[in-house]
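Each remark here refers to the structure printed beneath this line.
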Amino acid sequence: MRQPSESSVNATIWDSTTFYGTPNLKNNPLKRPRSCQNKECQKEDRISNLPDPIIQHILSFLPADDAIKTCILSKRWDTIWTLVPNLIFRRECSCSQEAENFAVFVDKALMHYRSPKVKKFLVEFEFTECFKAQVDSWVDFAVRLKVEELCLEFHREIADDPDYYYLPNFLYSNIPAEKLSLRFCALSPNKLKQVSWMSLKVLSISYSWLSNEMIKNICLGCSLLEYLKLNQCCGFDQINTNFSSSLKDLVVDGSWGPEDKFGDFVITIKGPNLLSLTLAGYMHRANYMLLDVSSLVEANIGYRMKSCSHGCRSNWYSAHRSVLHDLLEKLQHVEKLTIGTWCLQVKVKGLSSPTSACKYLTLNKKINKWDLPGIASLLQSSPNLQKLTINLMPSNNFEFELDRSFYKYYSFDGEEYWSLYNQRIFKCLVLHLKSVEIFGFDTSCSSLKLVVDQWVQFLLKNAKVLEKMIIHAQRDDVNRTWMSVEAQELMELLELTQAFLSYPRASPNAKVMLESCFK
């Protein structure tokens, strides 16, 4: 391809960036800024004094349109953007005209790109069938430049819109990418039978239809695959990683079951070579079953199952408990276990957990009264626990749907709950628990402060080998700074610190630290 002159690069690209509200240099008073004649000012221009590769590395973190805008800074910056290692094309299009303008912009930017290789190539916009040929050419461009990370992450205003992006045939052959991310993309079952992604190590597929056979063929065609994520995909009821000895990390983030099989649709996971498993997201009319995960070291159970609305509400609660109990039984051997909000609340009073070999337990939950039985059950079943981490501000705080028939399981006084356990011995507290860390402690929430206060008292009083307890305090308003914190709030924080330090400790070596997270 003939390389364009610097002047043609600027003119063409700036014409295209007018689609983003950026003025055209020819028709706007905004001009390239003149160099400052003041020597002191010139000395302060540290960015321009950096070598081109470092500037290009910095620009690679920007969306392509922002990186291109830097060409107005000086002659030296005219074509620096054309050698950035990452090309990020991202646009939220509110109408078809904006999508067309975006596509033209991408075409022109790629026309002037001069790097012999691209590290990351990302395209994200609202795809429709009319852009198929253009997107194919962009993908071909990235593959020819030996792209290392290819991200085709489309989105749609209407979830049931049939306009999926069908992967071009050449993409099923041996592409150089080590990472591939697909969203709202359609994969061909026939083409996947011969798929050859021999360099691929990380694969993420979102909002796509996949059959059992297609998942099998993906595993067979990716001999180096280490990480697989299926996000809100449907069409399968089995994930068998036996066909990929290299696959170590599996993430299933939500799934859909058939409408006529509410509660009876089961997704089985068989992965004797897996080291890490994450079950997250919203399960629509589907359950999980683990068949062989004997090599697992780490598991994250943070999914949520939808309640039934078809007259069988008396049964779905017991079914949820049974599914969770079976999962925990299959995960007895894992060393690192993370439990999310929904699963923690399903573990009610009177429901014992299988004895676990867990050494590192993480609870992702803004703790309240309904969570205490689940926490107690997990402590009771984890005699080897060495570190307990509690994230009080999880990204997905799915609450369990309770009604009056379940209140009997929670007939206790939340404020006095842990005091009742002072006479009950948890083996982990006596033998192994050495570290406790609490994140997201909002000191402005009085109910949370009370629960955490009693929880801290209980642990300090009963953890006989505890070495450190770290509590990360913060305010719910992330925009507040130390300068805006009133004296009253600082006094409350000080009193809270003094209270934590004054509580009796079973371990003579226990250190308590309250870290503030104000900006």
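For the reader, a short list of remarks on this structure follows.
- Out-of-range pairs (alpha-carbon distance over 32 Å; input Lys359/Lys449; Lys120/Lys365; Lys120/Lys216; Lys270/Lys511; Lys179/Lys449): Lys120/Lys365; Lys270/Lys511; Lys179/Lys449
- Prolate/oblate/rounded call for segment 102-226, Cα gyration tensor, a/c under 1.5 rounded: oblate
- Of the residues Cys71, Cys130, the one with the largest accessible area comes first in the ranking Cys130, Cys71, computed with a 1.4 Å probe on protein heavy atoms.
- Counting only protein heavy atoms and a 1.4 Å probe, segment 99-153 has 37 square angstrom of accessible area per residue.
- By accessible area, using a 1.4 Å probe on protein heavy atoms only, segment 52-104 has 59% of its surface on carbon and sulfur.
The values are calculated or read from the model by the stated rules, or taken from the named source; none is laboratory data. Bear in mind that the values here come from a model prediction, so they are computed numbers and not experimental data. What goes into the accessible areas is simple: the full protein's heavy atoms, side chains included, and nothing from ligands, DNA or RNA. Shrake-Rupley method; radii C 1.70, N 1.55, O 1.52, S 1.80 Å.
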